[in-house]
Amino acid sequence: MLKATLKGLLARKLRLMLAGLAVVLGVTAVSAAMVTTATIGSGFDSIFETTTSDVDVSVSSAPNVGGETTFTPPVPASVVEELAGVAGIDAITGEVSADGARPVGADGKVISVQGPPRLGVAWQGETGLVELREGRGPTADDEVAINAGLAELGGYRVGGTIDVLTLEPRTTFRVVGVYGYSNGTGTMGGSTEVAFTEPVAQRLMLGETGVYSSLTLTARDTVPNETLRDEIAALLGDGYQVRTGDELAAQTAADGRAFLDIVRIVLLAFSGLSLLVGIFLILNTFSILVAQRTGELALVAALGARRRQIVGSVLVEAALVGVLASAVGIGLGVAVSTGLKAVMEAQSGAQLPVGLIVPVPDLLAAFGVGVLVTLVAALVPALRASRVPPVAAMRASAAEQRSLTRITVAGAVPAVLGVAGILGAVLDVVGDLRWAALGGGVVLGLVGLALLTPAASKVLLPVVGRLLGWSTPGRLGRLNAARNPRRTAITVATLVVTLGLVGGVGVVAESLRRDVSALVSTDLAADLVISGDGVSARAGGGSGGPPTAADGRIMPTFEASVVEEAAGLPGVAGATAQYVDTVELPGGQSPANAGDLSTLESVLGLKTVDGTLRLSGPDEIVVDTDTLGAQGWAVGDTARVATQRGGWQEYRIVGSYEPNFLLTGPVLTPEAATERFVSALPALGYVELAPDADVATVKAAVSELVADNPEVTVADQTQLATDSASRFDIAEIMLYVLLGLSVVIGILGIINTMALSILERTRELGLLRAIGMRRSHMVHMVVAESLVMSVFGGLLGLAFGGLAGAAFVSVAGLAELAVPWTSLAVFLGLAVAAGLIAALAPSTRAAKVNVLAAIAYE
Amino acid sequence: MTTVTQETITGLAARAVGVTKAYGAGAAAVTALDDLSVDVQRGRFTAIMGPSGSGKSTLMHCLAGLDTVDSGEVWIGETRLTGLNDKGLADLRRNRVGFVFQQFNLLPTLTAEENITLPLAIANRKPDPAWFDTVVDAVGLSDRLTHRPSELSGGQQQRVACARALLPKPDVIFADEPTGNLDSRSGNEILGFLSRSVEQFHQTIVMVTHDANAAAYADRVIFLLDGRMVHELHDPDAEAVLDTMKALDTFDSR
Ligand SMILES: Nc1ncnc2c1ncn2[C@@H]1O[C@H](COP(=O)(O)OP(=O)(O)OP(=O)(O)O)[C@@H](O)[C@H]1O
Ligand SMILES: [Mg+2]
């Protein structure tokens, strides 16, 4: 029997290759995700071990606001003297190193790196870590050295100049040196670095001279690091964080991993999806393979083989394919991760100081999954085939006649429950459970949809087919697609899921966008807004946009004088500035703003709820009603608020307002902001025009005022609305990329099914050629089959996703349901393209069928 | 393409002139057709017989434009097949040649009626309703038109295939052992239908068969041996055919 199996394997090379391909794809995706994650992870670890290798103990201030990644107040130089008496200390170094040194590139735009910080540091000379590659360190106030990563990114050279934005506006420096690191890389995990002389670094990065970001201590040989740490912690008290070098390394690596986590999640989501799709593919492929062999198996059974032997032979075949294909898949996975690593290094500017890390246990698991799924995929149809009575099986296509009643009933139950859940949520009969009802409803609905697809294909395929297949070859293609509803269903499953997600996300995102831009235009009275990217969202408590102060990053700001000058321009009725930051309240973090409320009130359409909106000093605030409620405060109370620079202080609440899209949280005076916010400069400026002024002229004049600031632009209302809405773009695009990959796999799935179906129907194709179909007719027929399937899958997915999205919009209480018809049409177009691409190879094959060989084909 | 009238200059529906066809190369080469010339008269029922491997199917495939020849010429009516491109051959097969194979003649997705009209449908032509009814009546399928092949018996399936071959009024219908898979009653029905189409509709038919009784339905029987035409009989009875076959067998095993 084994010998017969092996012979059979060789005889069906093409089919097995297609089955193997399905396994290879699935395993490749999973193992690529594993290897990439492991590689990046150990790369980060190794970077941060190097960074902190010569630190025994580090001293920094405890942050005023939030967790580890937020702004930390500087350490005064006086602490160095305080520590001078500690016996265990061998040496103390004051470090200046802070995120927010944004270099301006040759194109006048700020050089952006996705994720890693843009550090401004004080030059310490060549240490064990830093090695000059060219030039020297900075000695004068207008000189800097930069790391090689930045030099490469921005094309800077020793002897040239570099413009840098820091806490102070754009300043030009001379580049006198370029340095790299002892591990041979030009950047630490992708971060860019600008090294100033110490006083300049202190002023630009920390806001004042005579302070440090942290102190680095070396312990005497006899003193353990932990002992020294505890001694210093006791000496300095609560206001400081004292950590050993190892703790610091762990912390910094963890910070770096926050970026890695996003990559990991994306990769895992991708591999999970690919695994799922891969399983679909494998199952489908094997069920076709076994169906094709049902006749052969029946013949063997008729010749006296026992059922166990038949199933056994299919399993041996599957095991061979599974092992071989999984091995190939793992090899390809490693190759793909090499590519991914290169892409990521190019994207982030980071070079990982490690080679490819291959996590053997993980890969063994991936291998096991590949083999196991293949075996299961083969076993199910083999068992089914072995139960078919030999005579029935020897007659052709017994497998196609199976009834759909059971699967349809099985699908109707979850479908009805799912619809009930969604309806319950939309009609608001389930109260607080509506999100659970919606989520559960969507999941159940999806399960129901999957099981109902075969039955749906019976009804819908002719409809779709009529749209596409008007001629006889087209009609034949449609009939072929409708031949085996189960197979069609499982073939289009990937497309249904993918386009379902895309459609749902599209509808939700578009509705959110519409909602946000509507809010912006109702709330905002100003005609022009001066701001950097994403600031307005931050001011109103939204998230998204580029990194801002709250993420430990510096947000784009401009000088306060810009607003004053703007107010004096002809055609301008008034201008006012808004300062933006994140503060800590007893109940957690909150956005905070500052500005002249007498003007802001009208510009932002603020509604006074209680008290007054006029602040008479830096220790008075107004607070929005939501925050008041959440904190249990009332107007007239004294509230404790921690600002990034000022720390915990008491403020008197003089009034409250209704929060809106542009403003939420405590509002302080501009004086308080200058002193206590992370950036002393305003981040938003509002300009109101005189009644007869020309928007374009005034906009040009105001733009002129911020011309030297590459991060800040002047937008009119429509632009602002678009900008605010654009914060959904990044999430949406990431999702689309992810789904794009699964569309690719979906296409491969259709190709696979089509190719197998074509093989299966070789005799029919020969007959069609014999009775006079041209090659072009054959191509037409196969393309029609593929198109009908992909359009069917696409429509089903988009319809389901669209409805689920609409339900979400309704439950979330968004103002209006906006359907992005264009995007949906584009997605449907993608499905059509997928169908066309999938038909390429199979249709060529069908056209090339040799009539005589096909007629003699077994 | 040239239009072909019923009355052609030669009066021949198809002919092979000095056709040679070999499979394989070198020492392993098999000569399937060896400088063979055959004329197929219009409106006649021709049977081809011979031992297994004598080249019957090969000859039929070459005549029908399904296969190419190594040398010599093949004509359908006044159209020379040698030299036609694939599109030309496909169109010729659709409009001017009919086929009935031993089995697997029908598309399982189409009903009997759709299978019958398929060649016309591919060419975007509508069948003449009267002619369609005549053909369907002749094969006795009027009440089976909406059935799919899986719901028809083997004999009925072969009759559908015959109707399909007849409907476009081709120059010639080729049938390769059309009764090979059938019991003698169903087989006789098919043969009766084929000979009636020759008599009543002046259809030209070429049929390969191993069965002396089947060959007796034909107007003329051609005997092949090793790719050559070795004998022919006109208006034969089963007896004569059997005798010739016996003679060929001894000749073969000599
Ligand atoms: N595709 C092929 N490749 C190689 N040899 C072939 C091929 N087709 C036919 N032959 C050989 O050509 C010769 C003629 O074959 P053909 O099929 O025409 O015989 P036949 O008379 O139809 O036989 P049968 O009565 O068994 O159907 C045989 O020797 C056969 O082995
Ligand atoms: Mg033959």
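Computed from the coordinates by the stated procedures, all read-outs in this text should not be read as laboratory data. Because the structure is predicted, anything quoted here is derived from the model rather than measured. Here the Cβ is made from the backbone with ideal geometry for all residues, glycine too, and neighbour counts use every protein chain on show.
Table for the structure above
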quantity	calculated
Long-range HN-HN contacts of B:Arg228 with modeled amide H, under 5 Å	B:Asp34
D (Stokes-Einstein, µm²/s), Kirkwood Cα radius, region A:534-710, 0.890 mPa s at 25 °C	148
Inter-chain shielding of B:89-100 (mean C-beta neighbours from other protein chains, 10 Å cut-off)	4
Region A:585-725: antiparallel DSSP beta bridges as a percent of all, rounded to 5	65
Local electrostatic count at A:Gly411 - Lys and Arg +1, Asp and Glu -1, tallied over other residues with Cβ under 14 Å	+3
Amide H partners (placed H, <5 Å) of B:Ala14, local residues excluded	B:Val40, B:Gly77
For region A:55-244, size of Cβ-based charge dipole, Lys and Arg +1, Asp and Glu -1, in debye	620
Residue-by-residue Karplus 3J(HN,Hα) for region A:448-458, coefficients 6.51, -1.76, 1.60, Hz, glycine and proline x	x, 4, 4, 6, 8, 3, x, 5, 4, 5, 4
Volume per residue that the Cα convex hull of region A:55-244 spans, once the total is divided by residue count, Å³	123
Degrees between helix B:184-201 axis and first principal axis of chain B (Cα, 0 to 90, nearest 10)	80
Alpha carbon convex hull of region B:49-146, projected area averaged over orientations, nm²	8.5
DSSP-defined antiparallel bridges as percent of all bridges, region A:55-244, nearest 5	75
